[in-house]
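The values are calculated or read from the model by the stated rules, or taken from the named source; none is laboratory data. Just so it is clear, the structure is predicted and the values come from calculations on it, not from any experiment. Every residue, glycine as well, gets a Cβ built from its backbone with ideal geometry; the counts of neighbours run over all protein chains shown. Just the protein is used for accessible areas: all its heavy atoms, side chains included, with ligands, DNA and RNA removed. Shrake-Rupley method; radii C 1.70, N 1.55, O 1.52, S 1.80 Å.
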Amino acid sequence: MKLSELSTPALCVDVDVLQRNVERMAAFFRGRSCALRPHFKAHKTPAIARVQAAAGCAGFTCATLDEAEVLAAHGFDDLLIANELLDSTKTDRLRALADRARVTVAVDSLAGVALLRDLPLAALVDVNVGLPRCGVPPGGAVEIARAVADSHLQLRGVMGYEGHAMGIMDRESRAQTAREAMANLLGVADELRVAGLEVEVVSAGGTGTYDITGTIPGVTEVQAGSYALMDTTYARFGLPFAEAVRCLATVLSVQGGLAVLDAGLKALAVDHGSPELPDDVPASVLFLSDEHTTLATDAGFAARPGDRLWLRPSHVDPTVNLHDRLFAIRSDEVLDVWRVEARGYRASPH
Ligand SMILES: Cc1ncc(COP(=O)(O)O)c(C=O)c1O
């Protein structure tokens, strides 16, 4: 099939760019003591997980039980749900999942341990290393770890996501923030060991810090996700990964300095700002509405109603989650159609 035969909006993945990104990240971790555990939430697409597994990785990271279930159904059997699970309606599903895969979850409270304590799962104590999100403050980690050790859960170690470092453009400041976060996390790991508790895993990191966090002695795995498909936000960081995902849109209208495309807020996430046009299109994105992106056109803008243009997503994870399918392309050929199988949430009750 040709690109021109796709209905728009269509989220397309350049398979060669994807392959290069995945290979670069896998090559970085090859032969190191720290492993790569790619974050599945960035693409939610088993076909892409297969590319990552073929290049080499130590299992996958997930944000939700739904993601882990999809990966397990595709035969991936070493899964970290790097998130707290406090929803009591999910325990049966977790038990069933544990029959198919080694499942490790994050805990940061006694309530979390109490809910999961009899399930055949492993656990990491989630430590707050500076991102104002989940994670027990470093001083509270031993108490949670002991509770895990006293339950049927297997204590495997600690995790601490330094997400507050990830958006810092300046590399040295980003590295400094990540190093401070990891010093906190490794300090907690040592405290647990001194208390006689098991710490085999120290899990952290993302695309913005993979070569910082991933080279700190004692960190055992990095949870990077965005590197596979990338977006305009990470593209500004000068990382060795290129944008592999773009949204194909049709021009609906061109009038007096404006042009309107048929992909809007329901096709592209804007929490990191508007999507961008390729550099060679003399126009800029003004704003998005439900089904439209409005462009301010410059002299030389030549597209006409019915023509097609690319939009470059600003934030890959929530953008992919808006689409049922990704189209795997090489120049103007559509090679494959990949289901974004873990998008959305499973209906409950189901
Ligand atoms: C817990 C956790 N680990 C890893 C990542 C992956 O980060 P990145 O998108 O920078 O690859 C995220 C992303 O938000 C995350 O929440």
Select from 322, 340, 292 the residue farthest towards the positive end of the dipole of region 285-350; place +1 on Cβ of Lys and Arg, -1 on Cβ of Asp and Glu, and compute about the Cα centre.
340
With everything on Cα atoms, drop me the angle between helix 171-194 and the longest principal axis of the chain, reported from 0 to 90° to the nearest 10.
20
Under the 0.36 nm per residue contour assumption, what length would be gained going from the current alpha-carbon distance of residue 195 and residue 298 to full extension?
30.6 nm
Global geometry of region 263-344, whether rounded, prolate or oblate, following the gyration tensor of its Cα atoms and the 1.5 cut on a/c:
oblate
Helix-only mean residue ellipticity at 222 nm, the chain, DSSP H runs n ≥ 4 weighted -39,500 (n - 2.57), per residue, nearest 500. What is it?
-8000 deg cm²/dmol
q = 0.10, 0.15 Å⁻¹: log10 I(q)/I(0) that the Debye formula gives for the chain, counting C-alpha atoms only:
-0.63, -1.23
Trypsin sites (Lys or Arg not before Pro) within region 193-302: DSSP coil, no more than 15 neighbouring Cβ in 10 Å
236, 266
If one takes the longest principal axis of the Cα atoms in the chain, at what angle in degrees, from 0 to 90 and to the nearest 10, does the Cα axis of helix 15-29 lie?
30
Charged-residue dipole, Cβ positions (Lys, Arg, Asp, Glu), region 238-350 about Cα centre, Debye nearest 20:
280
Ranked from the most accessible area to the least, with a 1.4 Å probe and all protein chains present, what is the order of 150, 211, 324, 336?
150, 324, 336, 211
What is the sum of charges, Lys and Arg at +1 and Asp and Glu at -1, for the other residues whose Cβ falls under 13 Å from the Cβ of residue 186?
-2
Over 5 Å intervals from 0, what percent of Cα-Cα pairs in region 157-202 sits in each interval?
5, 24, 25, 17, 13, 10, 5, 2
Residue separation times 0.36 nm, minus the C-alpha to C-alpha distance between residue 291 and residue 89: what's the value?
69.2 nm
How big is D, in µm² s⁻¹, for region 16-162 by Stokes-Einstein at 20 °C and 1.002 mPa s if Rh is the Kirkwood radius over C-alpha pairs?
135
Positive-end residue of 98, 65, 43, charge dipole of region 37-156 with Cβ unit charges
43
How big is region 87-129 by Rg and Dmax over its Cα atoms, in Å?
10.5, 32
Please list 3J(HN,Hα) in residue order for region 317-326, calculated via the Karplus relation 6.51 cos²θ - 1.76 cosθ + 1.60 where θ = phi - 60°; whole Hz, with x for glycine and proline.
4, x, 5, 4, 5, 8, 10, 6, 9, 10
Compactness summary of region 295-336: radius of gyration and Dmax from Cα atoms, Å, are 14.0, 37
The set of residues whose placed amide H lies less than 5 Å from the amide H of residue 39, leaving out same-chain residues fewer than 5 positions away, is 61, 224, 225
Please compute the net charge surrounding residue 107, taking Lys and Arg as +1 and Asp and Glu as -1 over other residues with Cβ under 9 Å from its Cβ.
-3
If you place +1 on the Cβ of every Lys and Arg and -1 on the Cβ of every Asp and Glu, how big does the dipole about the Cα centre of region 101-183 come out, in debye to the nearest 20?
180
Percent of C-alpha pairs per 10 Å bin, region 122-266, short to long:
11, 33, 24, 15, 10, 5, 2, 0
Helix 46-55 vs. the chain, principal-axis angle (Cα, 0 to 90°, nearest 10)
70
